[in-house]
Amino acid sequence: AQKVTQAQTEISVVEKEDVTLDCVYETRDTTYYLFWYKQPPSGELVFLIRRNSFDEQNEISGRYSWNFQKSTSSFNFTITASQVVDSAVYFCALRNMNTGFQKLVFGTGTRLLVSP
Amino acid sequence: EAEVAQSPRYKITEKSQAVAFWCDPISGHATLYWYRQILGQGPELLVQFQDESVVDDSQLPKDRFSAERLKGVDSTLKIQPAELGDSAMYLCASSLSGELFFGEGSRLTVL
């Protein structure tokens with residue numbers, strides 16, 4: 001079985017604040033991928049990052065950073081110095097590589113509102 | 001830049017009517033997915049193709065939904081008859097080996 005939980009339904013911040021979006025996952029597979037996608041109002045899901053289960057190194061890309069901790073089954077996403085253009089719904093997702101036809105399972109999403 | 005193409009972008013229909021959505025994946029991507037996203041929720045997989053074969057349709061309501069990918073390239077998702085609860089965004093995605101690339105989606109409203 002695979003499950004992704006995003007407990008934060010909606011977060012509101014003021015521009016330039018830092019914000020962290022939480023993601024907790026459940027899986028019995030030892031090999032899996034974790035993803036973050038951004039969904040702006042237009043509706044398209046935009047790929048942000050993929051992390052495999054054997055790589056726990058944190059990653060930074062510009063204002064975005066990701067913290068992967070297998071010990072707590074978490075893959076949190078931090079936006080530093082948020083901007084209005086960051087306003088969107090963000091989805092965390094899990095893809096088992098051993099079972100379940102490798103389908104991508106999404107969390108329920110966190111809506112981020114960044115105000116000027 | 002290669003992308004997943006979907007049409008129509010928006011569709012309004014009355015219940016009991018038939019509706020169809022089309023998807024053209026990124027060239028060379030063997031795996032194609034149809035997801036349904038109800039407003040306020042995350043996308044849920046309806047059907048997954050590997051080339052022309054269905055590998056997972058466990059969540060597809062087969063009494064009214066059908067999907068095909070006859071030549072292993074583009075795909076069609078059909079609903080007949082449409083019900084009010086089918087109002088949602090229908091997302092198509094394709095992948096080669098890693099991340100999924102999504103189209104802009106087809107938003108269905110059933111009246």
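Of the set (1) under 19 Å from A:V46 (Cβ atoms); (2) under 13 Å from the mean Cα position of the chain (by Cα); (3) surrounded by 13 or more Cβ atoms within 10 Å (Cβ to Cβ), all apply to B:I26 but (2). Looking only at segment B:1-23, residues that are surrounded by 15 or more Cβ atoms within 10 Å (Cβ to Cβ) and charged (D, E, K, R) come to 1 in all.
The set of residues in segment A:17-66 that are within 23 Å of A:V89 (Cα to Cα), surrounded by 16 or more Cβ atoms within 10 Å (Cβ to Cβ) and of a type in the set (S, T, N, Q) comprises A:Q39, A:S65.
Taking segment B:30-92 and the strands (runs of 3 or more DSSP E) fully enclosed by it, the elements with 2 or more residues that are within 11 Å of another protein chain (Cβ to nearest Cβ) and free of Cβ contacts under 8 Å to residues at least 24 places away in the same chain are at B:44-50, B:53-56.
Within segment A:39-51, being of a type outside the set (A, V, I, L, M, F, W, C) and more than 9 Å from chain B (Cβ to nearest Cβ) holds for A:P40, A:P41, A:R51. Looking across segment B:93-111 at every residue that is away from chain A (no Cβ under 11 Å) and under 25 Å from A:R95 (Cα atoms), the one that is modelled with the lowest pLDDT is identified as B:L96.
Answer with yes or no whether A:L21 is out of contact with any helix residue (DSSP H, G or I) (no Cβ under 7 Å at 6 or more places or on another chain), over 30 Å from B:F49 (Cα atoms), within 14 Å of chain B (Cβ to nearest Cβ) and not acidic (D, E). Spell out the reasoning first.
Details: out of contact with any helix residue (DSSP H, G or I) (no Cβ under 7 Å at 6 or more places or on another chain): yes; over 30 Å from B:F49 (Cα atoms): yes; within 14 Å of chain B (Cβ to nearest Cβ): yes; not acidic (D, E): yes.
For A:L21, the condition - out of contact with any helix residue (DSSP H, G or I) (no Cβ under 7 Å at 6 or more places or on another chain), over 30 Å from B:F49 (Cα atoms), within 14 Å of chain B (Cβ to nearest Cβ) and not acidic (D, E) - is met.
Given the residues A:A7, A:A88, A:A1, which is the only one that is hydrophobic (A, V, I, L, M, F, W, C), in contact with a Pro (Cβ under 9 Å, 6 or more places away or on another chain) and farther than 20 Å from B:T31 by Cβ?
Values: A:A7 fails: in contact with a Pro (Cβ under 9 Å, 6 or more places away or on another chain); A:A1 fails: in contact with a Pro (Cβ under 9 Å, 6 or more places away or on another chain).
Exactly one of A:A7, A:A88, A:A1 is hydrophobic (A, V, I, L, M, F, W, C), in contact with a Pro (Cβ under 9 Å, 6 or more places away or on another chain) and farther than 20 Å from B:T31 by Cβ, namely A:A88.
The values are calculated or read from the model by the stated rules, or taken from the named source; none is laboratory data. Remember, it's a predicted structure, so these values are computed and weren't measured experimentally. With ideal geometry, Cβ positions are generated from the backbone for all residues, glycine too; neighbour counts draw on all protein chains shown.
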